[in-house]
Amino acid sequence: MATTTAPRTTADLLLEWDRRRPRSQQSAFGMSELGECRRRAGYRLAGIAPTNIGGSLQAVMGTGIHDAAASALRDLQTEGLIPADALIEHEVSFAGILGHLDMYIDPELTDIKTTSARWLAKLKVQGPPTSHLWQTHGYAAALIAEGRKVSRIVIDYLARDTGEQWRWTGRFDPQHVRDALDWVTEVRSTPLDELARDHHPDSAWCQHCPFRDLCWEGAVADRDPRSVLFVEDPDAAEWARKLEDARDRKKAAEADEKTAKGALDALRPNSVGVELVAVPGYDKALKYTVSFPERLDGEQVRKDYAAAGRPVPVKKSDKGEVKVELVEADALAARPTP
Ligand code: SF4
């Protein structure tokens, strides 16, 4: 085999390690994809070959953490500190869908999830997303079908950037399994090219998706990848209506937000720092953060540069900014002739 001297960064090596793992080569639809992007699920269920390498450094870090936890669990099991029949990184299958659970110690199933501190803060308020509930309930359903008991489901969330941990626990709810299977049935019965693209092309999801090129192919050359949506449905009036409607809803939502925020300022106990306030009859608390952030004084900067006889340094964006406005059709008659 020819050797290559191309430099490899640590990131390149980590991604290479990830690509070579047997689990990364699994091409069948898996429980970790339940409730995620419908189009990606459709490609998997149809057995379409990936068009991109996929994977991300964040995912590799997550895999490393899973491997370390599994290794510690196996050592504990060897030493008799956890039961010999505990399942560690165990493959299960339910309704023909494969999954790999992290740990099961009768009657508790535990799944490890790595995330960022920003997402962890959201999770702590909103609870696990549907996809995580469906995935863990898929594991639980498979164990129950094998004749095991699952009375508690635990999801251990760990923030990669801060090391903060948050644990969610819940009881097995068969409704989640039914909802997940209904979702799979709907994806399966929808023609591939009609399946929703559930993420934006610039999102981390799409950037690391193994079907990225296939999914967005057909877009207009040198235009936004989402222009493929117009190619598939060239109803300009409908898209313009959608744009106007979205902007109206955004404006109304922003106004509602301002009104509700202003009203709730009545309950704010602090003039600085962070305080939590309970809301009787509501399942969430209010967190008031009052800070005095420092912002660049643009006017002073301009004055200082002018006094020094130098132009304010600016950096031109390498990506053109596109603005789309809805204006009166009469404006067409008044536009300058080319
Ligand atoms: S590229 Fe994005 S929208 Fe398309 S299948 Fe993948 S995750 Fe879904």
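The values are calculated or read from the model by the stated rules, or taken from the named source; none is laboratory data. None of the values given here were measured: they were computed from a predicted structure. Neighbour counts are summed over all protein chains in view; Cβ atoms, including those assigned to glycine, are modelled from backbone coordinates with ideal geometry.
Pull up the range 187-217, narrow it to residues that are of a type in the set (S, T, N, Q) and within 15 Å of the ligand (Cβ to nearest atom), then point me to the one that is nearest to Lys122 (Cα to Cα). First the steps, then the outcome.
So the first thing to find is which residues in the range 187-217 are of a type in the set (S, T, N, Q), and the list is 189-190, 203, 207.
Now restrict to residues that are within 15 Å of the ligand (Cβ to nearest atom): 190, 203, 207.
Working: Thr190: 32, Ser203: 18, Gln207: 22 Å.
In this case the residue turns out to be Ser203.
Residue pairs whose Cβ atoms lie under 6 Å apart, sitting 6 or more positions apart in sequence or on different chains, and linking a residue in the range 37-64 that is within 18 Å of Thr185 (Cα to Cα) to a partner that is away from the ligand (no atom under 13 Å from the Cβ) and not acidic (Asp, Glu), are Leu45/Arg188.
Tell me the residue from Ile112, Ile65 that is of a type outside the set (S, T, N, Q) and farther than 19 Å from Arg152 by Cβ, please. Sole residue among the options that is of a type outside the set (S, T, N, Q) and farther than 19 Å from Arg152 by Cβ: Ile65. Pick from the range 11-52 the residues that are of a type in the set (S, T, N, Q) and out of contact with any Cys (no Cβ under 9 Å at 6 or more places or on another chain): which of them is surrounded by the fewest Cβ atoms within 10 Å (Cβ to Cβ)? Filtering first and then ranking leaves Gln25. The residue pairs whose first member lies in the range 280-309 and is closer than 30 Å to Gly262 by Cα, whose second member is at pLDDT 95 or above and in a helix (DSSP H, G or I), and whose beta carbons are closer than 9 Å, counting only pairs six or more residues apart or on different chains, are Leu286/Leu264; Leu286/Leu267; Tyr288/Leu264; Tyr288/Asp265; Tyr288/Leu267. None of Val220, Val184, Val150, Val154 is within 16 Å of the ligand (Cβ to nearest atom) and aliphatic (A, V, I, L, M) except Val184. When Phe230 is tested against the conditions (1) closer than 30 Å to Gly127 by Cα; (2) free of Cβ contacts under 8 Å to residues at least 12 places away in the same chain; (3) surrounded by 10 or more Cβ atoms within 10 Å (Cβ to Cβ), the lone failure is (1).
Does Thr110 qualify as being of a type in the set (S, T, N, Q) and in contact with a strand residue (DSSP E or B) (Cβ under 8 Å, 6 or more places away or on another chain)?
Answer is yes for this residue.
Here Asp222 passes the criteria (1) closer than 29 Å to Ala196 by Cα; (2) at pLDDT below 95; (3) surrounded by 11 or more Cβ atoms within 10 Å (Cβ to Cβ); (4) not hydrophobic (A, V, I, L, M, F, W, C) except the one numbered (3).
A count restricted to the range 200-213 and to residues that are in contact (Cβ under 8 Å) with a residue 60 or more places away in the chain and surrounded by fewer than 18 Cβ atoms within 10 Å (Cβ to Cβ) stands at 5. Among the residues of the range 95-136, the one identified as surrounded by fewer than 20 Cβ atoms within 10 Å (Cβ to Cβ) and among the aromatic types (Phe, Trp, Tyr) is Trp119.
One line per residue, one yes/no per condition, for (1) surrounded by 10 or more Cβ atoms within 10 Å (Cβ to Cβ); (2) at pLDDT below 95; (3) within 27 Å of Ser227 (Cβ to Cβ):
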residue	(1), (2), (3)
Ala237	no, no, yes
Asp283	no, yes, no
Val314	no, yes, no
Lys323	no, yes, yes
Leu332	no, yes, yes
